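Report on one structure; see the data block that follows.
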Amino acid sequence: MTMICMNCESQKTTLSGMEIPFEDLQHYPYALTSEKFLVIDNQDKMDEVYKIIYQKNPGDRYPPIPTVNEDEIYVVLKPVLKDANDVQIKKVMLQNKELNVVVEPYNNPQESAEQRMSPNILLKLLKKTEINRVNIRY
């Protein structure tokens, strides 16, 4: 079973583990998954996520679907907003199959200042890892 810990006491410990290189690909103002987070480790899962993206975007221009390679994975994160209309990912660490994502509040100029909907973030991890839990830390 996969779990996410958004505001629990264990988050007050210091970060440790292996830092994972990442690319913050896109922030979406709608749900890409009904789960707390989604690990995309094969092309079928990626195609399903992009099916949702294509349905939510009007018009004829669609972003290309990323190819899921053997040496990387993608994760959809759903951080809770605090004091801003978006977040910026600062660091990604892995310890004991727990992904710790450090974020900070960010006022995105492309979104309304009143926009307070938590984004779904498509994150590319540049190292294949096994993830059982995701912790979002401010």
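Bear in mind that the values in this text are calculations on the coordinates, not laboratory data. All values derive from a computational prediction rather than experimental measurement. Cβ coordinates were reconstructed from backbone atoms using ideal geometry, including for glycine residues, and neighbour counts include every protein chain displayed.
The number of residues in region 66-108 that are assigned to a loop (DSSP other than H, G, I, E, B) and more than 14 Å from the chain's Cα centre (by Cα) comes to 15. For region 18-45, a tally of residues being in contact with a helix residue (DSSP H, G or I) (Cβ under 6 Å, 6 or more places away or on another chain) and closer than 25 Å to P105 by Cβ returns 2. When the residues of region 20-65 are narrowed to those that are among the aromatic types (F, W, Y) and outside any strand (DSSP E or B), which ends up nearest to I89 (Cα to Cα)? Top of the filtered list is F37.
Filtering region 128-138 down to residues that are surrounded by 14 or more Cβ atoms within 10 Å (Cβ to Cβ) and out of contact with any helix residue (DSSP H, G or I) (no Cβ under 7 Å at 6 or more places or on another chain), which residue is nearest to T67 (Cα to Cα)? In this case the residue turns out to be T129. Among residues of region 109-127 being touching a residue at least 60 places away in the same chain (Cβ under 8 Å) and assigned to a loop (DSSP other than H, G, I, E, B), the one that is farthest from P66 (Cα to Cα) is Q115.
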